[in-house]
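Student: Questions regarding the structure given below will be posed in turn.
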Amino acid sequence: MRVIAGSAKGRRLKSPQGSVRPTTELVRGAIFSILQPMFGDRWRALDLYAGSGALGIEALSRGASWVDFVESNARCCAVIKENLALTGFESRAKVYCCSVNKALSILHEVYNVVMLDPPYSDVSFVDTLRNLLASHLVGAGSTVIVQWSSHQTLSPDIGRFHLSKVRHYGDTCLSFYRQEANN
């Protein structure tokens with residue numbers, strides 16, 4: 001696994017052993033080709049269910065000024081920290097080794113981009129998504145990207161957020177939720 005574009009392009013990333021399903025380069029490329037025109041430089045991101053940290057590190061490589069990573073598995077948290085050191089981004093990030101629900105209660109920033117890549121077997125992530133979209137962590141102009149299995153369904157409207165794009169890559173679906181700035 002490697003960073004595919006930006007200032008850390010080509011850097012190899014470590015992947016935790018076990019049940020982590022890394023986001024493919026194709027899917028990461030698709031996410032950022034959609035996001036890049038929206039934000040350019042100097043944006044904040046939140047990487048939930050971070051795994052190896054590849055999504056958040058790709059965001060840092062492509063101009064995010066700060067990324068918070070949330071992962072409940074201690075082994076994965078250690079790998080994220082190693083990957084941040086390998087790419088030189090450790091001063092622009094923080095790793096929270098806790099559950100996503102706990103993180104939603106302790107984080108205080110408003111994020112331009114929130115990326116969720118929950119385990120495909122975790123059906124409770126829909127409640128977590130609802131809690132996130134109702135929280136102070138997202139606001140007008142925020143974009144929330146959910147990576148999920150095509151065997152599941154997500155509502156097109158959740159609270160004040162509306163589904164703006166859906167992309168399919170094999171069994172992987174990407175849903176982009178957005179609250180427009182004038183809502």
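Where a number appears in this text, it was derived from the coordinates with a stated rule and is not lab data. Predicted model only: the values in this text are computed from it and were never measured. Heads up, the Cβs are rebuilt from the backbone with ideal geometry, glycines too, and the neighbour counts pull from every protein chain shown.
Student: Starting from the Kirkwood radius over alpha-carbon pairs of the chain, derive D by Stokes-Einstein at 25 °C in a medium of 0.890 mPa s and give it in µm² s⁻¹.
Tutor: Estimated diffusion coefficient is 152 µm²/s.
Student: Work through the residues other than Q147 whose Cβ is under 15 Å from its Cβ and net out their charges, Lys, Arg +1 and Asp, Glu -1.
Tutor: -3
Student: Below 8 Å, C-alpha to C-alpha, sequence gap of six or more: please give me the relative contact order for the chain in percent.
Tutor: 17 percent
Student: Find out how many positive minus negative residues lie around L46, taking Lys and Arg as positive, Asp and Glu as negative, among other residues whose Cβ is under 13 Å from that of L46.
Tutor: Summing Lys/Arg as +1 and Asp/Glu as -1 gives -3.
Student: Right, here's the next one. Step through the residues of segment 155-170 one at a time and calculate ³J(HN,Hα) from phi using the Karplus curve (6.51 cos²θ - 1.76 cosθ + 1.60, θ = phi - 60°), rounding each to whole Hz and writing x for Gly and Pro.
Tutor: 5, x, 10, 10, x, 8, 9, 10, 5, 9, 8, 9, 10, 10, 9, x
Student: Can you give the alpha-carbon Rg of segment 115-183 over 2.2 N^0.38 Å, where N counts its residues?
Tutor: Here the Cα radius of gyration is 1.06 times the empirical estimate.
Student: Please give the charge dipole size of the chain, origin at the Cα centre, charges +1 on K and R Cβ atoms and -1 on D and E Cβ atoms. Round to the nearest 20 debye. Please report the intermediate quantities before stating the final value.
Tutor: Details: 20 positive and 15 negative charges, 88 e Å.
In total the dipole reaches around 420 debye.
Student: Normalise the Debye intensity by I(0) for segment 42-148, one equal point scatterer per Cα, no solvent, then take log10 at q = 0.22 Å⁻¹ and round to two decimals.
Tutor: -1.22
Student: A further question follows. I want the local charge near V113. Using Cβ-Cβ distances under 10 Å, sum +1 for each Lys or Arg and -1 for each Asp or Glu among the other residues.
Tutor: 0
Student: Based solely on its DSSP helices, what 222 nm [θ] is calculated for the chain when runs of n ≥ 4 H residues each add -39,500 (n - 2.57) and the sum is averaged over all residues, nearest 500 deg cm²/dmol? Don't skip to the answer; put the middle values down first.
Tutor: Working: 5 runs with 53 residues, N = 183.
Theoretical 222 nm ellipticity from helices: -8500 deg cm²/dmol.
Student: Tell me which of S72, A85, P37 sits at the most positive position along the dipole axis of the chain, charges placed on C-beta atoms (Lys, Arg +1; Asp, Glu -1).
Tutor: A85
Student: Kindly rank 143-152, 49-58 from highest to lowest mean number of other beta carbons found within 10 Å of each residue.
Tutor: The densest-packed peptide leads the list: 49-58, 143-152.
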